[in-house]
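Everything below concerns the one structure shown next.
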Amino acid sequence: MTSDLPESLAESWQPIGTRTAESSVLLASVTAETTLYEPIDRAERLSAISASEIPIRSLFAVTMTVSPSLSDLGISPGSFFSTAAPKAKAQFVDTLESEGVTVEGTRNTLEFEATNGAAGAWFVLDAGFPVESELTASGGDRLDAEAHVAVWPTETSYGMAGGTLPLEDCAPVADGDGTTDADEPRVGLDADPERDRETIADLIRTVDIGTGHDAVE
């Protein structure tokens, strides 16, 4: 299980579900347990905007369990990181695309220092969330977005965290009778990329991912 959100985020974000996926790297099986978070404030809830199950403004944290343990394979997480990081990013991209989000490519790859002092990789991806065409200024069916995924070695495994954010505003969504209700502010979207990037950075730099222990055989 992933640890709680950092104190700076815990009062404004809430978990909306956990997903488990499995993959393989060399002789090891990797189980990734992803917890997805959305803003608590009703004005920030975005389920009415996009057809994706992943909110366009979201945070996530992942606990990775490796079996058999990397130590049993004679591998340290740090020495294997150059192979593990792209694999973890690819798995994240697959998750986004399975929920209808398009990923157009990696805009940037950065190095950063994780909470445990390890050197990690931070990927910034160009993305598009599916929306009704009347909600976008261009009339297209995708809302421009950005996805961040950071990966770093822990003592015996890997940590992973990040989030998604909108890059453009979205028109208010009409309710069932074709009108919008001023008392229901959640249906609009005002993009604030700099604020959202700072929120994602706060998570990545402060989250404590699980215990870092491998699976017990």
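The values are calculated or read from the model by the stated rules, or taken from the named source; none is laboratory data. The structure presented is a predicted model; accordingly, all values stated were derived computationally and were not measured. Positions of Cβ are backbone-derived with ideal geometry, glycine not excepted, and every protein chain shown enters the neighbour counts. Quick note on the areas: whole protein, heavy atoms, side chains included, nothing else; ligands and nucleic acids left out. Shrake-Rupley method; radii C 1.70, N 1.55, O 1.52, S 1.80 Å.
So, in the range 140-155, how many residues would count as being open to solvent by 40 Å² or more (accessible area, probe 1.4 Å) and touching a Ser or Thr at 6+ places or on another chain (Cβ under 8 Å)? Break it down into steps so the answer makes sense when it comes.
We begin by selecting, within the range 140-155, every residue open to solvent by 40 Å² or more (accessible area, probe 1.4 Å); these are 141-142, 144, 155.
If we keep only those that are touching a Ser or Thr at 6+ places or on another chain (Cβ under 8 Å) too, we end up with 141-142.
Of the residues in the range 140-155, 2 are open to solvent by 40 Å² or more (accessible area, probe 1.4 Å) and touching a Ser or Thr at 6+ places or on another chain (Cβ under 8 Å).
Could you grab me the full set of residues in the range 86-124 that are open to solvent by less than 60 Å² (accessible area, probe 1.4 Å) and under 13 Å from Ala161 (Cβ atoms)? Ala88, Lys89, Phe92, Phe112, Ala114, Gly120, Ala121, Trp122, Phe123, listed by residue number.
Being under 30 Å from Ser69 (Cα atoms) and modelled with pLDDT of 95 or more holds for only one residue in Ala215, Ala201, and it is Ala201.
Beta carbons closer than 7 Å, at least 6 apart along the sequence or on distinct chains, pair a first residue in the range 66-79 that is over 18 Å from Ala118 (Cα atoms) and outside any loop (DSSP other than H, G, I, E, B) with a second that is open to solvent by less than 40 Å² (accessible area, probe 1.4 Å) and among the acidic types (Asp, Glu) for Val66/Asp214; Ser67/Asp214.
Taking the criterion of being in contact with a strand residue (DSSP E or B) (Cβ under 7 Å, 6 or more places away or on another chain), at negative phi and modelled with pLDDT of 85 or more, would at least one residue in the range 175-195 satisfy it? Within the range 175-195, one or more residues are in contact with a strand residue (DSSP E or B) (Cβ under 7 Å, 6 or more places away or on another chain), at negative phi and modelled with pLDDT of 85 or more. Condition test on Ser23, is it at pLDDT below 80, open to solvent by less than 40 Å² (accessible area, probe 1.4 Å) and part of a strand (DSSP E or B)? So Ser23 passes the test.
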